[in-house]
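Shown next, in structure tokens, is the structure this report addresses.
The values are calculated or read from the model by the stated rules, or taken from the named source; none is laboratory data. Please read these numbers as outputs of a predicted model, since none were measured by experiment. Neighbour counts are summed over all protein chains in view; Cβ atoms, including those assigned to glycine, are modelled from backbone coordinates with ideal geometry.
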Amino acid sequence: MKANNKRLLYMKLFFTIILLFPFLSISASTYTLYIASTKNKNIAKKYIEEVNDLLKIENLVVRTHKKENYSLIVNQIKDIQSAKDLQNKLKKTTYKDSFVKKDLKDLKYNILFYTKSTIENKTIVKEAKEDEKEYILDVESSNEYITASTMYNIGNYKRSYELFNKLFYKHNYNLNINYFLAQSAIKLGMYDEASIAFERVLIQDPKFNKARYDYARLLTKLKLKKEAKKEFNILLKENITEEIKKDVKKYLKYLNKERKLTYNSATLILGAGHNSNVNNGLLSTQYTLPGLGDISVRGEEPISDNFHNEILSLDFNNILKSNTAIKIKNSLLAPDFVAYLN
């Protein structure tokens, strides 16, 4: 019995590692740009404000050290080339002595100030609140992110949306948080929220082709054809796989398909009745014509009969391709057929 329990525990552990591995591996190779350091809090604030004016980026933070030192750094840089590009921008400034260092796993520290993007697409300096001071170098290695990712992987999209949304309020700059927030929203049918999250991703990283592909498909689903075609056409110019390129072309073929601009209708009217004087007969069988010497004339007695009649109307409508507000209508009206039964 104990052996079975152990085997079950190992299996659970194995599948948990399989689920979490893609997310744990993300933090293996990030870089930090070290810019300046000081023991004065006010000078540290001055540093971050000056460098923010030069770089205008998020992930610019003032971190604290145990010996009451403050360091201005750019963290979570995804590759060495991006780190060097930022370093080169500071070469001709007072921060020319900045240097790049590869990050260690699970490195944690407290922060004092950080930069954050606003809705107006500006980057501002903010002082860290109490719950923001403990900063994990890579949020994607945090327990919160791993739990949110696991919830998404096992199909608990309601919970993954809640957790990624909570992470978004703390790390609104993070591409993967926004991306999986969008994906969770789609699974829940929250298409407006998904669209906004995808837009945030693409504003930060226009080369995030997977996000653009999913965003374009969402726009297609929402019947926003013009917007969807724009996103798919951008994708065709990017370095995407042949398989994705084929899918994009299929979507564009569908989106470029002309909608039916003609429609026809037919109306058939049926009627029946009774005529008490079919032959326009006279109520009196004999009468005189006045003014003509009172000539006497004999007339027919009125004859009654039942009848039926039919009317057929055909309408042919055509909407102009060049201007769908203009419609041409052709109508055909068949004669009014009346037939008596006797």
- Query: Among the residues of the range 115-129, how many are buried (at least 16 other Cβ atoms within 10 Å of the Cβ), outside any loop (DSSP other than H, G, I, E, B) and either over 30 Å from the mean Cα position of the chain (by Cα) or of a type in the set (D, E, K, R) (or both)?
  - Reply: 1
- Task: Determine whether residue 177 is closer than 15 Å to residue 159 by Cα and either touching a residue at least 24 places away in the same chain (Cβ under 8 Å) or not hydrophobic (A, V, I, L, M, F, W, C) (or both).
- Result: yes
- Scope the range 61-79; condition within 12 Å of residue 33 (Cβ to Cβ) and modelled with pLDDT of 90 or more; matching residues: 61, 71, 72, 73, 74
- Note on the structure: Quick count over the range 226-280, residues being of a type in the set (Val, Ile, Thr), at pLDDT below 70 and under 30 Å from residue 315 (Cα atoms), is 1
- Message: Return the residues of the range 29-68 that are under 15 Å from residue 111 (Cβ atoms) and exposed (fewer than 13 other Cβ atoms within 10 Å of the Cβ); say none if nothing qualifies.
- Response: 65, 66, 68
- Please tell me if residue 187 is at pLDDT below 85 and basic (Lys, Arg). no
- Message: Condition first: over 21 Å from residue 115 (Cα atoms) and outside any helix (DSSP H, G or I). Now tell me which residues in the range 166-205 satisfy that.
- Response: 188, 189, 190
